[in-house]
Each structure stands twice: as C-alpha cells, then as structure tokens.
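The values are calculated or read from the model by the stated rules, or taken from the named source; none is laboratory data. Treat the numbers as computed from the prediction; the structure is a model and nothing was measured. Here the Cβ positions follow ideal geometry from the backbone for every residue, glycine too, while neighbour counts run over all protein chains shown. The protein model used for the area step is the full one, side chains on, heavy atoms only, and it has no ligands, DNA or RNA in it. Shrake-Rupley method; radii C 1.70, N 1.55, O 1.52, S 1.80 Å.
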Amino acid sequence: MDSSFSSSLAATNATTTNTTSSPPTSSTFSPPSSLLIIGSGVFGLGTAWALSRRPAFSNCSITVVDRSDPNTNVFPASDAASVDTSRIVRADYADPAYAALGAEAQVLWRQQTSPTDLGACGRYHESGLLLVADGVPPPPNTPPRPAIIDKTKLTGMDYARYSWANVLQLAAQNPALAGQVRETPDVAAIRAEARTGGGSSGAWGYINDGSGWADAGASMAWLYQQVKQTGRVTFVAGTVTSLEHKGSAVTGAKLSDGRVLSADLVMLAAGAWTASLLDISGQAVATGQVLGYLDITEAEQAQLSNMPTILNLSSGLFIIPPRNRVLKIARHAYGYLNPTVPQTEPLPQSPSAAATFKCDSQQSVSLPLTSASDPTLSIPAEGAEDLRAALREMVPLPALWDRPFTKTRLCWYSDTPTGDFVVDYHPQWQNLFVAFGDSGHAFKFMPVIGDKTADCIMKSCPPEFKGKWHWKPANSSTVVTEDGTRGGKPGLILAEALAQR
Ligand SMILES: Cc1cc2nc3c(=O)[nH]c(=O)nc-3n(C[C@H](O)[C@H](O)[C@H](O)COP(=O)(O)OP(=O)(O)OC[C@H]3O[C@@H](n4cnc5c(N)ncnc54)[C@H](O)[C@@H]3O)c2cc1C
C-alpha cells in the first residue's frame with residue numbers, strides 16, 4: 001500500500017519556474033569536485049543542465065558520457081528512449097504527485113514566445129489527450145479518487161478515473177484550464193471527442209485539451225544546446241563497459257576503448273541499459289515496446305488534423321496526431337524481455353558481493369536490443385497486430401488499415417514495479433547516485449526532472465516523492481510493472497515473439 005499516494009496535489013502544484021537557485025540542502029551534503037554522468041537522456045542531460053547552473057556546483061567539473069556516435073557527437077544516442085518523433089506531455093496521472101509534476105513541466109513546455117523557448121518551433125503541440133479505458137464505466141457521482149490507493153492494484157479504468165479527478169483539481173486551481181477537461185461517459189462521447197470523424201476506443205474516459213505532445217528528438221537537441229551553452233559540461237562519446245571502484249567507493253567508469261573517466265561522484269542514468277553496469281535486480285527491468293510509423297497523404301493528415309492523442313489505458317495502445325505526414329501508433333505495455341549476458345560483469349549489489357564474485361556466476365539480465373546494433377530488427381508480429389487493431393479502432397480511414405509501416409521501432413523502458421522512478425544514492429556503494437526506472441513516462445518531465453534529480457543529489461528529495469523515488473528493498477528479483485496503464489501480456493520474451501513472425 002502506497003500511503004504517500006494521498007499527498008496533496010495542491011501542496012505540490014505548479015508554482016513553477018525553471019529555477020537556478022538551490023533548494024535548502026541537507027547539512028550532510030557537500031558538493032563533489034568532479035561529477036561523471038553516464039547517459040544523456042532526460043535524466044542525465046537534465047541533471048547536467050540543472051547542476052551546471054547551481055552555485056553549489058560552480059567548482060565541480062561535470063562530464064557526460066553517452067554511447068553516441070563519435071563521428072556525429074550528438075547527445076543522447078539515437079536509440080535512447082528520449083529520442084523519437086513524439087512523446088505525450090500530460091498532467092493526467094492517477095498519482096497526484098506526478099500529476100503536479102506534469103503540470104509544473106507543462107508551464108515550461110507552453111513557453112513559445114521566442115524561438116529559443118522550449119515549446120517553440122514545433123517542439124510542443126497542445127492538441128489534447130483523450131484518455132480512455134475498457135470495462136465498466138464508473139457510476140455517476142462516485143467519489144473520484146479515494147484518499148489512499150494501492151498503485152499496484154489499479155485497472156486501466158481506475159487509473160483513468162483517478163487521473164480525471166486529479167486534472168479536475170488542477171483545473172480548479174488554474175482558470176486557464178477550466179473547461180478543458182470534459183468527461184466522455186460513453187462511446188458516442190468518446191467518438192465525438194476523438195475528432196477523427198468516426199474513430200473511437202474504450203468505454204469511458206475524458207478529454208483534456210490542456211495536454212499535448214512534444215517532438216522528443218527536437219526537444220533533446222534543444223536541451224543539449226542549453227547544456228552546451230553553459231560551457232560547464234564536457235561531453236564524451238563512448239560506451240561505458242564497467243563502473244570502477246576502490247573498496248566500497250565507486251571511482252569512475254571504464255570505456256570500451258580502454259579510457260577511464262574518474263570522478264568523485266558518479267551518476268548512473270543509463271535508462272534501460274542500467275542493468276549492464278549495475279545489478280538492479282528487483283529494482284527495474286528493461287522492457288521493449290513496439291512503435292509503428294505510417295506515411296500518410298496530405299489529405300489524410302488534414303482529416304486527422306483536429307484529433308487529440310488517443311490513449312487507451314486498458315490496451316496501452318495510443319496514437320499521436322500526425323505531423324509531417326507521419327502517423328505514429330504505439331503500445332504502452334508490459335513489453336518484451338530480452339535476456340542477455342552482459343559483456344562485462346555489472347557492479348554487484350554490494351561491495352561484499354563484489355568480494356565474493358566468481359566469473360562463472362554471470363547471469364542474464366534483460367537488456368535493450370535496438371536497430372542501432374541490429375539494422376534488420378523489426379517488431380514482433382504480436383505487437384504489430386495490436387498496432388493494427390488500434391489503427392482500425394481509432395482512425396476511420398480504411399486506406400490506412402493495411403498500409404505497411406514505413407518504419408517500426410523497439411524502444412526500451414526501464415520498468416519498476418510501481419512505475420516510480422529510482423532517483424537515489426546507492427544504498428551500498430559510496431559515491432554512486434542512480435537515476436533510472438523511467439517506467440515509460442519520464443519524457444514529459446524533461447524541463448523539470450533535472451532540477452528534481454539535482455535536489456536528490458543534494459540530499460533534498462522533493463517531499464512528495466519521498467518513499468517513491470528511493471532504492472527499495474527488493475521483495476523479488478522479478479519485476480513486473482502493475483501501475484494500471486499497461487497493455488499486452490507480462491513476461492513475453494523478445495526472441496520467442498520474433499520467432500513467431
Ligand atoms: C515507445 C516509448 C514511448 C514513450 N512515450 C512517452 C510519452 O508519451 N510520454 C513520456 O513522458 N514518456 C514517454 N516515454 C518514456 C520516456 O521516453 C523515457 O521515460 C525517458 O526518455 C527515459 O529517459 P532516460 O534518461 O532514463 O533514458 P534514455 O533516454 O534511454 O537515456 C539513457 C542514455 O544512456 C546511454 N547509455 C546507456 N548505457 C550506456 C553505456 N554503457 N555507456 C554510455 N552511455 C550509455 C544511452 O545511450 C542513452 O542515451 C516513452 C518511451 C518509449 C520507449
């Protein structure tokens with residue numbers, strides 16, 4: 001039972017600024033003289049941005065390393081979860097703490113006055129979100145959200161209902177949002193708000209016209225520029241093969257070309273690749289998610305020009321409004337596991353385990369497989385069929401239903417049991433800070449997650465995330481995310497699913 005789930009939305013609500021000042025810091029924190037960040041996705045790059053502007057870190061040298069192509073020096077690597085044509089930006093969460101954080105981020109996404117503003121130049125589109133679920137709709141006048149919720153027991157319908165309650169509360173506090181959130185109590189109402197001329201999904205839901213989507217690739221390029229402009233961060237293109245340690249203290253990272261990057265503090269923000277460097281059994285697991293992209297005509301795009309993002313929380317299937325004549329369909333699911341023996345033994349859970357390590361004990365963990373390493377990689381037929389089902393249900397253009405995907409992609413989440421991130425100091429290894437467990441929903445927080453992570457580094461975790469973001473005692477080494485948002489089936493193995501093509 002997640003007792004902190006009842007935390008007040010109002011207390012954490014959008015008093016947002018992109019602050020450069022440091023929060024009150026725990027007296028136990030003293031800044032390191034050097035920091036190495038492994039991974040430049042939203043967590044790594046966002047944190048580099050935040051820390052580079054904090055006075056407490058003015059004497060700290062900050063280095064970011066990523067598996068980026070050394071010839072292009074683009075950060076992050078092209079197959080990072082943070083890079084894609086689009087990511088949903090929403091405050092629509094069943095958990096009020098994330099709803100408030102989403103609202104906080106949206107204040108910054110909406111800035112579009114100058115071309116250098118985050119949301120400008122097509123990086124953010126506020127086209128609405130139609131959030132729906134299958135099953136029995138809630139009876140009228142049901143209390144929208146109980147005070148305390150067990151997040152691991154939510155159905156898609158529960159999630160949609162509690163999310164609705166949270167955004168109504170946000171709208172009540174923000175006159176600009178009033179009227180933007182409307183219940184869609186039945187299929188006819190859902191069809192009307194889908195605004196496609198006939199598409200639908202689910203049995204109940206609501207539309208939030210205050211939600212939108214971001215061009216993730218362009219937004220990461222913007223963030224990279226912001227960080228570069230600080231002149232405070234050194235970027236290294238290279239693949240970390242192991243974490244270096246001396247006794248119980250982590251001292252840096254070794255790269256595949258033999259270079260060693262040393263630092264007083266190492267932050268591991270390697271997303272779904274984290275398990276290749278650190279034993280995170282019981283904390284998070286890498287799961288592959290399917291995406292399909294369809295080329296459409298100008299006329300087809302025009303017909304879909306008013307649609308919101310449609311997300312069905314029971315099936316996990318969603319479609320983002322098309323741009324540049326490309327329509328993206330995806331599934332937010334339990335995903336595929338890809339058991340792999342890491343090339344180098346990951347850092348064990350504790351220094352004492354490191355001391356007793358034997359070479360033959362190497363075990364497989366789920367790790368990403370992407371088209372960067374296997375250009376022939378496609379998505380399993382099982383996933384492709386689900387994407388087709390979404391297309392047929394949500395988009396009333398029969399000409400699209402069987403059109404071959406122009407491109408497909410397997411994109412990787414670092415999934416935790418509750419969908420909460422892990423942003424914390426490692427409980428056993430000194431000088432190691434971790435930020436992983438994005439659970440498929442961290443992108444929207446891009447403008448604010450770095451500052452929140454920086455607060456955690458400075459031992460001042462935001463109160464509403466205390467108990468959610470910490471490294472938790474593991475009950476089991478098997479991780480399945482049961483946060484009420486997942487479609488598909490748990491436990492699918494990628495190689496087996498691909499073999500069923
Ligand atoms: C299909 C899909 C749809 C999504 N939709 C949404 C959405 O609609 N809204 C939303 O908010 N979120 C969404 N997300 C989630 C969001 O994209 C992620 O939560 C977020 O991007 C994770 O950021 P990250 O920094 O943890 O990981 P990443 O972006 O993956 O960054 C990790 C980085 O670490 C680097 N790295 C890994 N190992 C090493 C190593 N050994 N050496 C050097 N570098 C290394 C990688 O190259 C990578 O660049 C989606 C994700 C996927 C996959």
Which of the residues spanning the range 376-419 are without any contact (Cβ under 8 Å) to a residue 24 or more places away in the chain and either within 11 Å of the ligand (Cβ to nearest atom) or among the hydrophobic types (A, V, I, L, M, F, W, C) (or both)?
TRP401
Answer with yes or no whether ALA105 is surrounded by 23 or more Cβ atoms within 10 Å (Cβ to Cβ) and within 13 Å of the ligand (Cβ to nearest atom).
yes
Could you figure out which of (1) closer than 25 Å to THR287 by Cβ; (2) within 14 Å of the ligand (Cβ to nearest atom) isn't true of HIS125?
(1)
Looking only at residues that are more than 20 Å from ALA214 (Cβ to Cβ) and hydrophobic (A, V, I, L, M, F, W, C) in the range 39-69, which one is nearest to the ligand (Cβ to nearest atom)?
VAL65
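Is there a residue being away from the ligand (no atom under 15 Å from the Cβ) and among the basic types (Lys, Arg) anywhere in the range 427-445?
Step one: list which residues in the range 427-445 are away from the ligand (no atom under 15 Å from the Cβ), which gives 427-431.
The next check asks that each one be among the basic types (Lys, Arg); those that pass are none.
No: zero hits.
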Cβ-Cβ under 8 Å pairs, at least 6 apart or on other chains, the range 33-62 side under 26 Å from GLY217 (Cβ atoms), far side in a loop (DSSP other than H, G, I, E, B) and among the β-branched types (Val, Ile, Thr)
ARG53/THR20
Please count how many residues of the range 367-424 are under 30 Å from THR274 (Cα atoms) and hydrophobic (A, V, I, L, M, F, W, C).
14
Failed criterion for TYR98 (all others in (1) open to solvent by less than 20 Å² (accessible area, probe 1.4 Å); (2) in contact with a strand residue (DSSP E or B) (Cβ under 8 Å, 6 or more places away or on another chain); (3) within 12 Å of the ligand (Cβ to nearest atom) hold):
(2)
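SER242: touching a residue at least 24 places away in the same chain (Cβ under 8 Å), in contact with a Ser or Thr (Cβ under 6 Å, 6 or more places away or on another chain) and open to solvent by 40 Å² or more (accessible area, probe 1.4 Å), yes or no? Walk me through how you get there before you give the answer.
Values: touching a residue at least 24 places away in the same chain (Cβ under 8 Å): yes; in contact with a Ser or Thr (Cβ under 6 Å, 6 or more places away or on another chain): yes; open to solvent by 40 Å² or more (accessible area, probe 1.4 Å): no.
No: the conditions fail for SER242.
On the given criteria, is PRO351 touching a Leu at 6+ places or on another chain (Cβ under 8 Å) and in contact (Cβ under 8 Å) with a residue 24 or more places away in the chain?
Numbers: touching a Leu at 6+ places or on another chain (Cβ under 8 Å): no; in contact (Cβ under 8 Å) with a residue 24 or more places away in the chain: yes.
No: the conditions fail for PRO351.
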Test of understanding: among GLY102, GLY119, which residue is part of a loop (DSSP other than H, G, I, E, B) and either at pLDDT below 95 or not β-branched (Val, Ile, Thr) (or both)?
GLY119
So GLY198 clears everything in (1) touching a helix residue (DSSP H, G or I) at 6+ places or on another chain (Cβ under 8 Å); (2) not in a loop (DSSP other than H, G, I, E, B) except one condition, right? Which one?
(2)
I'm trying to understand the selection: among the residues of the range 76-95, which are open to solvent by 20 Å² or more (accessible area, probe 1.4 Å) and part of a loop (DSSP other than H, G, I, E, B)?
SER78, ALA81, VAL83, THR85, ARG90
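Listed residues ALA253, ALA249, ALA216, ALA194; which is more than 14 Å from the ligand (Cβ to nearest atom), crowded, with 20+ Cβ neighbours inside 10 Å and in contact (Cβ under 8 Å) with a residue 40 or more places away in the chain? Steps first, answer last, please.
Working: ALA253 fails: more than 14 Å from the ligand (Cβ to nearest atom); ALA249 fails: crowded, with 20+ Cβ neighbours inside 10 Å; ALA216 fails: more than 14 Å from the ligand (Cβ to nearest atom).
After applying the criteria, what remains is ALA194.
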From THR297, THR287, THR340, which residue is open to solvent by 30 Å² or more (accessible area, probe 1.4 Å), more than 27 Å from ARG191 (Cα to Cα) and modelled with pLDDT of 95 or more?
THR340
Restricting to the range 145-159, and then to whatever is under 15 Å from THR418 (Cα atoms) and in contact with a helix residue (DSSP H, G or I) (Cβ under 7 Å, 6 or more places away or on another chain), can you tell me which residue is modelled with the highest pLDDT?
LYS151
I'd like to check something: does the range 225-239 contain any residue that is buried (at least 22 other Cβ atoms within 10 Å of the Cβ) and part of a loop (DSSP other than H, G, I, E, B)?
no
Residue list for the range 437-459, filter: assigned to a helix (DSSP H, G or I), farther than 16 Å from ARG110 by Cα and among the charged types (D, E, K, R)
ASP451, LYS452, ASP455
Conditions first: (1) among the basic types (Lys, Arg); (2) over 30 Å from GLY252 (Cα atoms); (3) away from the ligand (no atom under 16 Å from the Cβ). LYS466 passes all but one, so which condition is the exception?
(2)
Quick check on the range 348-360. Is at least one of its residues among the hydroxyl-bearing types (Ser, Thr, Tyr), closer than 30 Å to ILE457 by Cβ and surrounded by fewer than 14 Cβ atoms within 10 Å (Cβ to Cβ)?
yes
How about the range 259-278: which of its residues are farther than 14 Å from ALA435 by Cα, touching a residue at least 60 places away in the same chain (Cβ under 8 Å) and in a loop (DSSP other than H, G, I, E, B)?
ALA263, ASP264
